[in-house]
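All remarks here apply to the structure that follows.
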């Protein structure tokens, strides 16, 4: 009898809490800032998957970076957390003249490592180019009657998924996918800015991009970075437009490397030439010279060095914590490579792989429209019902629930949530992925309530009439109520 009474009391308290959250959801959606907005909200109990409260949970809205949850979850389940990418260094051809002359080419064989020489993994790739060069030098080769060739054929040659904005492609967050990536496919342009209205001066570019012409149309104005680099993939003429703050000694714009595989070949050949090895031809890639692929197809190939990436667990954690578009797109394409019979991967084959994974694992897959792996395209859309369903699956049925959970940013501690959700109620209780774009502010993740319930939640907002930070403040109020009431 006593047990029955206790259960009844718990039921009544939970029912009352749910009713109160529904009231708070109504207050949220009826805020004047959302009078023109699309909103989709869903709170699910993780243990049961039961929907506790919702608003338009089946409505699909522009996803922004919340889409990375889909990509990283699929990658973990399909590849496993211990998977590592590899990049191989060697040569194709034959050695002559007492092995001092290579009748062939030095080869960088790309394995789609998204973070080769990445700034997100300091220490892991220390002296990578030097290690590659040492491996070649130690063979005794003194002359190469050919070039260094970057072989990035593991992927197709279409770096940017369909639907990406032209204004994004030349900037670091719009860096495209390649079979060989270097430095997060990003270079930094350093400016010195003078008085307001003056033209900023470029004084350094790191790394240097040989052959790239930069047309500087910037002006010094305002307090925010509003400078944009316009450059198509594989392009040679970049135009920088917009404004950056005045009176700065070193203001940095981050741009996307137009041809990362070619840059890797140039860097390796330059290093080998510094070490005294002569080359008959300039560094190149198989994209630029497809005849070389045929020429060396039957030539003996020798692998001298293999560079391995951090584990997939580490890559997924950075992808979700820091919201790295490049890593998500590389993972998507690699999933296509794995499932397409080891043929060239594409965004399309990656999307097919993820779709197949979702259909075979989730009870409901409606509400997701996926056109890339990162959420950059505004043609991506997702519903709060779908994404909370995925979160419940990853906690209850995934082979790696703890790894996925820990890959998400922690409120006021890490990643994109480091400066948000600072109320003590969220301390150690909130892990989530944010998604931000023009007039888009989305959150999805896990919330542990004061009563001990674990909730999968999603709050998606599109086309609001206030700032993104104001939306975050309103979401924080709603989640605080959920933490205290559910």
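The values are calculated or read from the model by the stated rules, or taken from the named source; none is laboratory data. Because the structure is a prediction, the values reported are computed rather than measured. In this analysis, Cβ positions are derived from the backbone assuming ideal geometry, glycine residues included, and neighbour counts consider all displayed protein chains.
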Kindly indicate whether residue 441 is surrounded by 18 or more Cβ atoms within 10 Å (Cβ to Cβ), modelled with pLDDT of 95 or more and within 25 Å of residue 326 (Cβ to Cβ).
-> yes
Residues of the stretch 150-163 satisfying the condition of being farther than 16 Å from residue 306 by Cα and buried (at least 22 other Cβ atoms within 10 Å of the Cβ) = 155, 159, 160, 161
Inside the stretch 273-322, the number of residues satisfying the requirement of being touching a residue at least 24 places away in the same chain (Cβ under 8 Å), in contact with a strand residue (DSSP E or B) (Cβ under 7 Å, 6 or more places away or on another chain) and outside any strand (DSSP E or B) is 10
Quick count over the stretch 462-486, residues being in contact with a strand residue (DSSP E or B) (Cβ under 7 Å, 6 or more places away or on another chain) and within 17 Å of residue 22 (Cα to Cα), is 6
Would you mind listing the strands (runs of 3 or more DSSP E) fully within the stretch 37-120 where at least 2 residues are over 28 Å from residue 150 (Cα atoms) and in the same structural domain as residue 433 (by TED's automatic domain parsing)?
-> 38-45, 51-55, 60-62
When you look at residue 150, is it at pLDDT 95 or above, in contact with a helix residue (DSSP H, G or I) (Cβ under 9 Å, 6 or more places away or on another chain) and under 19 Å from residue 233 (Cβ atoms), yes or no?
-> yes
Filtered residues of the stretch 312-343 (kept if surrounded by fewer than 16 Cβ atoms within 10 Å (Cβ to Cβ) and out of contact with any helix residue (DSSP H, G or I) (no Cβ under 7 Å at 6 or more places or on another chain)) | 341, 342, 343
Inside the stretch 145-163, the number of residues satisfying the requirement of being within 19 Å of residue 372 (Cβ to Cβ) and part of a loop (DSSP other than H, G, I, E, B) is 9
Among residues of the stretch 206-223, those that are out of contact with any strand residue (DSSP E or B) (no Cβ under 8 Å at 6 or more places or on another chain) and either outside any loop (DSSP other than H, G, I, E, B) or more than 15 Å from residue 259 (Cβ to Cβ) (or both), counted = 1
